[in-house]
Amino acid sequence: MGPAFKNRLEAAQRLVPRIAAALHASERPIILALPRGGVPLGAVIARALRAPLDVVLVRKLGLPGQPELAVGAVTDGAHPSLEINADIAQAAGLSRTDIETLAEPALAEIARRRALWLGGRESQALGRRTVVLVDDGIATGASMRAALIWLRAQGASRVIVAVPVAPAGALGAIMPLADQLICLETPHPFHAVGAHYADFPQVSDAEVGAALDAQDQGSAHPPR
C-alpha cells in the first residue's frame, strides 16, 4: 500500500467533515495550527468552517545527534510550558536541567517566528472558546502535549485535536489532555509523519505568514 495521503491539502479536506460533525451547532471555534506543517491544513479547515486561524508557537526539542527524535517541546509565553518525553530523556541520560538548556535556542527561534509571522498582530483570545488544534501529524506527541497544556492555561473551554495521522501509542498520551481527538489514520509501523504523505514539502516562513495575512484580509468570513 502507498501513503495514506496525497498531500496536506487532501488531508485537510478529509478532516473537515469530521471536525464539522464534532462541533455543536452553537460553537464558533478558533482553528489553531502547530507550525509550520499544521498551518496549510489549518488554513483549509478555517476557510471551510468560516473560522479564524491562528498559530500556537511551540517548538520541538530534538535529541542531540538525532534532531528528529523529540526529547520534549516548549511553548511560548511569559512562563513557557516545557513538556518532556520522559522515556526518551531517561534513555539519553538527560536531566530536566539538560533539557531546559536545549530549550534556550528553541525559545529564541519562537521569538523570531513571533516577530516574523505575527508582527504586531494580536493573537486570538482563547478564554472560554472552543479550539480546534491542528497539525499535519503526530510522531512522539511532545509538541501537541505542550500545546494542549498551554491552551488549558489560556482558559480554552473545549479543545478538539485534529490530525491526519499518528501512532496509536502517542494518541494515548494526548487523549487525557483533549476533549475530543480526531485522527484519520493510525498506521503500524508508523515511521515518520512524512512517510504517510506522497508529497510532503517543507513549509516555509513565507507560507505561514501568507496564511495568517489572508485571515487579516478577510478570507475567513464569520459564520452565518
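Since every read-out is calculated from the coordinates, none of them should be taken as a lab result. The structure displayed is predicted, hence computed values, not measured ones. Don't worry about glycine lacking a Cβ; one is built from the backbone with ideal geometry, like all the others, and counts go over all protein chains shown.
Tell me, in nm to one decimal, what length is gained between Ala195 and Ala21 on full extension, where the rule is 0.36 nm per residue of separation less the Cα-Cα distance? Let's see the in-between values first.
Working: separation 174, 0.36 × 174 = 62.64 nm, distance 2.81 nm.
Between Ala195 and Ala21, full extension yields 59.8 nm more.
Can you order the peptides 26-34, 11-19, 95-103 by their average number of other Cβ atoms within 10 Å per residue, highest first? Don't skip to the end; give the middle numbers.
Values: 26-34: 20.9, 11-19: 17.9, 95-103: 14.6.
Result, highest mean Cβ count within 10 Å first: 26-34, 11-19, 95-103.
In deg cm²/dmol and to the nearest 500, what is the mean residue ellipticity at 222 nm of the chain if only DSSP H runs of at least 4 residues count, each as -39500 (n - 2.57), divided by the residue total? Let's see the in-between values first.
Numbers: 7 runs with 83 residues, N = 224.
Taken over the chain, the calculation gives -11500 deg cm²/dmol.
So if each residue of separation counts as 0.36 nm, and I subtract the Cα-Cα distance between Gln90 and Ala153, what length gain in nm does that give?
On the way: separation 63, 0.36 × 63 = 22.68 nm, distance 2.72 nm.
Value of the extension gain: 20.0 nm.
What fraction of the DSSP beta bridges in the chain is antiparallel, stated in percent and rounded to the nearest 5? Don't skip to the end; give the middle numbers.
On the way: 10 of 28 bridges.
Antiparallel: roughly 35 percent of the beta bridges in the chain.
So what is the relative contact order for the chain, in percent, with contacts set as C-alpha pairs under 8 Å and at least six apart?
Values: 401 pairs, mean separation 61.5, N = 224.
With pairs under 8 Å counted, the relative contact order is 27 percent.
Express in nm, to one decimal, how much length is gained between Ala125 and Arg50 on full extension, taking 0.36 nm for each residue of separation and deducting their alpha carbon distance. Write down the numbers at each step before the final one.
On the way: separation 75, 0.36 × 75 = 27.00 nm, distance 1.70 nm.
Separation in residues times 0.36 nm, less the Cα-Cα distance, equals 25.3 nm.
For the range 119-220, which GluC sites (Glu not before Pro) pass both filters: DSSP loop (anything but H, G, I, E, B) and at most 15 other C-beta atoms within 10 Å? Could the numbers behind the result be given before it?
Details: sites: Glu122, Glu185, Glu207; in loops: Glu122.
Counting only loop positions with at most 15 other Cβ atoms within 10 Å, the GluC sites (Glu not before Pro) in the range 119-220 are Glu122.
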